[in-house]
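Data first, discussion second: the structure below is written as structure tokens.
The values are calculated or read from the model by the stated rules, or taken from the named source; none is laboratory data. Here the structure is a predicted model, which means the values were calculated and not measured. Here the Cβ positions follow ideal geometry from the backbone for every residue, glycine too, while neighbour counts run over all protein chains shown. Just so you know, the surface numbers come from the protein's heavy atoms only, side chains and all, with ligands and any DNA or RNA stripped out. Shrake-Rupley method; radii C 1.70, N 1.55, O 1.52, S 1.80 Å.
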Amino acid sequence: MGLSTALEIGKTGLTIYRVATEVTGENIANVNTAGYSRQRVVFQTAPPTTANGFPLGTGVQISTVERYYDSFLQKQLVNAETTEGYDTKKFEILKQIEPAFNEIANDGLGTSLINFFGAWEDLSLNPTGTTERQVVFTRARTLVDDFHAASKCLTDAAATQNDSLVPLTAEINARLEDIAKLNGQIRYTEQSSGNANEIRDQRDQLVRELSGKIGITFTENSDGTTDVNFKDSGAALVVGSQFGAFSLTVNAGTGNYDVNITPVGGAAAVVAPVSGEMGAIVTLRDTTIPGYLNQVNSLATTIATQVNTQHALGFDLNGDAGEAMFTYTGAPNSAATLTINPALTSTNQIAASGSATLVGDNTNALLLAQLKSTSTMSGGTTTFNGFYTKLVSQIGLDVESSSNAVSQDAAFLKQLEALRESNSGVSLDEELTNLIKYQRSYQASAKLITTASDMLDIVLNMMR
Amino acid sequence: MRITANTSADNSLFYIQQGRAKLDKLAELIASGQNVNRPSDDPISTNMILGIADKLKTGDQYLSNIDKTKIQMQITGTALQGMYDTLKIARDLANSLVNGSTDTQTLNNAVSQFQTLKQQMIDYGNVRNGETYLFAGADSMTAPFSGTAPYYGGDETTLNINIADSSTIKLNIPGNQILTADTAVSQPYGSTNILEAFDNLITAVGANDVAGINAGAQALIAGAKQVNNAQTDIATRQIRLNSMEQMNSNNRNTLLTVVGDIQTVDYAKLGVELTQQQTAFNASLSATAKLTQMSLLDYIS
């Protein structure tokens, strides 16, 4: 042990604090990088020697450069992202449907229903009136148009969601592939040269992004890799550097896409996603929107049936029995296919009379008008308008509850993000303090070298 | 808990966003003047608002029905008043002849007057509202009365109109129940065939048949009473129409009040909330601006 040891300690100090400054620089540079976890240099005393007759350290060395990471928090974030992905997508879709049923701001199907039966009221006051008959026709056409609009809005929404599965599946597959690749890089890097902190951050960020799109569970392995499974079926999506894939096949029955998963080391099978963005899309496409559509179709079917039945009991201006007023093809699509019967070509064919010989009779018009206030829907418990109002309120309730869920998710996620930021986020003030600390340490190490050098000069001068 | 600059920035953004959303909502409420602008604003109230809106529209339809029916009643009433006045003239003329007359000219003039008055009665019987013959029953496209027996070519259907939920009113009076009542199946006002009475009277006067003239005069008195009964019926219906109009209007006002209570915003309350929210939002912006500027960098030379 001599002055050279002191010089060596100074040199090591310079190297170590340069590295520490680099780590601080890395933290400062990535202060705004999504998913980045701050890193710190863990210093430790270099191995001691007993050259002086007693044990004394040989300076400082870097034990490791570690990242601040909380795996429990990551799991919570992944779960929260899945819930938020589901609720947000559901809210987005429902929010697009709501305006078509916003009877508070606009006249829609509900108003058309009232107007249609109101036209029969007017006709009952003047059963032979050409104008009143024309109004019945016009109101019927408006009613049909509004049924088409409501049906189209819902079927378009379902079709749009079905189509959106294509880019979503591609996004999910890209992330699965990226996670698997990063797993491979992490394993390779850590086997050869310590912690792959940045790559782990990137991988963990991808896992979080993936969790917003589908429900997942993940396992962190001892070799640094993370295995990912599909939460809704348990299928292995990523195992080490291997990855599975989502694919879509057209269902012959519905014409919609079935979601398939080809798991790692397995064969493709149809799955039913119920969580994450994909779960929301499939649930709304297959359950929620068809539920609304069924109600619109049920309304259209019942109105057409009731009006046609009553119309057939009446007689038109020619003394003929009333033709069916509406036609539609098949109950499942009755709202979309509802039309005015093509056989009704003249206003004279409107059957307002209850008598084949008395054109001025208004009995049938009156009975048709009274259908408005007859409880014919929901097993004879509610009127046409009551049924429709219930549907509008149901949509409003669904939008409201999903909006509340999104707000709650956002607040919860914000809290988790704050916890993550607290643990893993970069504090510039902290880094600047470290920078000054390391700078001073670097300066001190340099001073140690110059001092040792001066001392060495003294020794050398003694020998001259 | 360790707080970084990004924690503060994220928090600030979150609360600024929340504040902006509240301001936006308040602005919407103030601009629209309505508490509920879409079903999701308040689904329960939406159900009530739409239910009331349906009732209001239905009530408006009933009010429209009542208005149109009142017009028809007025025309019917005017025609009946005309019939009654005509019958009074005819009755007076008949009474002036019940003792007979030797003056042929007088008798001829009387015959001519009775013929004119009879035609007047027929004209009243063929009165129209638009294209509709009011006294033709359901055969309303054709003039119901003619000058020759059996006089009435219409039918005896009474048309009904909705004036409230589960409430109807008769819209017309079949003409045979007024002018040829003895041939009517239903005889709510009397059983006198007024037009036949006119013809009998014309024959009796032409023949200076005192007994016939007397009988004719009595028939005209019975006819006038018959018409008067019909007038009373129409007046009763008009009273009921007025009553139902009042009821529908009252219902309408009540429903408007209820929907107003739900829908109409309290501007004073919103004004106070807006001020509070603006203050909070400004404070939030100010705090964010100040907080995000603070850095150790400013103190490192």
Scope region B:50-76; condition within 7 Å of another protein chain (Cβ to nearest Cβ) and of a type in the set (A, V, I, L, M); matching residues
B:50
Would you check if residue A:433 is facing chain B (nearest Cβ under 8 Å) and open to solvent by 60 Å² or more (accessible area, probe 1.4 Å)?
yes
All but one of (1) open to solvent by less than 60 Å² (accessible area, probe 1.4 Å); (2) part of a helix (DSSP H, G or I) hold for residue B:109; state the number of the condition that does not hold.
(1)
From A:415, A:408, which residue is assigned to a helix (DSSP H, G or I), modelled with pLDDT under 95 and open to solvent by 40 Å² or more (accessible area, probe 1.4 Å)?
A:415
Taking the criterion of being of a type in the set (S, T, N, Q) and away from every other protein chain (no Cβ under 13 Å), would at least one residue in region A:118-133 satisfy it?
no
Would you pick out the residues in region A:90-141 that are outside any helix (DSSP H, G or I) and farther than 17 Å from residue A:362 by Cβ?
A:102, A:103, A:104, A:105, A:106, A:107, A:108
Pairing a residue in region B:114-133 that is modelled with pLDDT of 95 or more and part of a helix (DSSP H, G or I) with any residue that is among the polar types (S, T, N, Q) and surrounded by fewer than 22 Cβ atoms within 10 Å (Cβ to Cβ), where Cβ atoms lie under 8 Å and the two sit 6 or more apart in sequence or on different chains, gives B:122/B:146
Filter region B:142-151 down to the residues that are more than 10 Å from chain A (Cβ to nearest Cβ) and in a loop (DSSP other than H, G, I, E, B), then identify the one that is nearest to residue B:231 (Cα to Cα).
B:144
Tell me which of these residue A:311 doesn't satisfy, since it passes every other one: (1) open to solvent by less than 60 Å² (accessible area, probe 1.4 Å); (2) away from chain B (no Cβ under 12 Å); (3) closer than 14 Å to residue A:127 by Cα; (4) assigned to a loop (DSSP other than H, G, I, E, B).
(4)
Keeping to region A:261-287, report how many residues are assigned to a helix (DSSP H, G or I) and either of a type in the set (A, V, I, L, M) or open to solvent by 30 Å² or more (accessible area, probe 1.4 Å) (or both).
9
Quick one: what pairs do we get from region B:234-261, first residue in contact (Cβ under 8 Å) with a residue 24 or more places away in the chain, second of a type in the set (D, E, K, R) and open to solvent by 50 Å² or more (accessible area, probe 1.4 Å), C-beta under 7 Å, 6+ apart or different chains?
B:237/B:170; B:255/B:55
Would you confirm whether any residue within region A:310-328 is under 22 Å from residue A:89 (Cα atoms) and of a type in the set (A, V, I, L, M, F, W, C)?
no
I'd like to check something: does region B:80-93 contain any residue that is more than 21 Å from the chain's Cα centre (by Cα) and either within 9 Å of chain A (Cβ to nearest Cβ) or exposed (fewer than 14 other Cβ atoms within 10 Å of the Cβ) (or both)?
yes
Considering region B:152-165 alone, what residues qualify as being open to solvent by 10 Å² or more (accessible area, probe 1.4 Å), within 7 Å of chain A (Cβ to nearest Cβ) and either over 14 Å from residue A:361 (Cβ atoms) or touching a His at 6+ places or on another chain (Cβ under 6 Å) (or both)?
B:165
For region A:89-103, how many residues are within 10 Å of chain B (Cβ to nearest Cβ) and open to solvent by 30 Å² or more (accessible area, probe 1.4 Å)?
3
Only residues that are of a type in the set (Gly, Ala, Ser), open to solvent by 10 Å² or more (accessible area, probe 1.4 Å) and touching a Ser or Thr at 6+ places or on another chain (Cβ under 9 Å): list them for region A:159-198, please.
A:184, A:194
Name the residue that is farthest from the other protein chains (Cβ to nearest Cβ), counting only residues in region A:364-376 that are assigned to a helix (DSSP H, G or I) and open to solvent by 50 Å² or more (accessible area, probe 1.4 Å).
A:367
Only unsatisfied item for residue B:171, checking (1) farther than 18 Å from residue B:199 by Cα; (2) in contact (Cβ under 8 Å) with a residue 24 or more places away in the chain; (3) away from chain A (no Cβ under 14 Å); (4) of a type outside the set (S, T, N, Q), is (3)
Set A:17, A:86: member being within 47 Å of the chain's Cα centre (by Cα), open to solvent by 20 Å² or more (accessible area, probe 1.4 Å), away from chain B (no Cβ under 14 Å) and closer than 26 Å to residue A:285 by Cβ
A:86
Within region A:349-363, can you find the residues that are within 8 Å of another protein chain (Cβ to nearest Cβ), in a loop (DSSP other than H, G, I, E, B) and among the small types (Gly, Ala, Ser)?
A:355, A:360
Could you please find all residues in region B:117-141 being open to solvent by 70 Å² or more (accessible area, probe 1.4 Å), of a type outside the set (Asp, Glu) and more than 22 Å from residue B:228 (Cβ to Cβ)?
B:128, B:141
Could you tell me which residue of region A:377-390 is farthest from residue A:114 (Cα to Cα), considering only residues that are more than 10 Å from chain B (Cβ to nearest Cβ) and crowded, with 18+ Cβ neighbours inside 10 Å?
A:377
What residue, among those in region B:38-49 that are facing chain A (nearest Cβ under 7 Å) and in a helix (DSSP H, G or I), is surrounded by the most Cβ atoms within 10 Å (Cβ to Cβ)?
B:39
Over region B:3-37, the set of residues touching a helix residue (DSSP H, G or I) at 6+ places or on another chain (Cβ under 6 Å), open to solvent by 50 Å² or more (accessible area, probe 1.4 Å) and within 7 Å of chain A (Cβ to nearest Cβ) is B:5
Take the conditions at pLDDT 95 or above and open to solvent by less than 20 Å² (accessible area, probe 1.4 Å) and apply them to residue A:360. Does it pass?
no
Condition first: under 33 Å from the mean Cα position of the chain (by Cα), of a type in the set (A, V, I, L, M) and modelled with pLDDT of 95 or more. Can you find one or more residues in region A:122-139 that meet it?
no
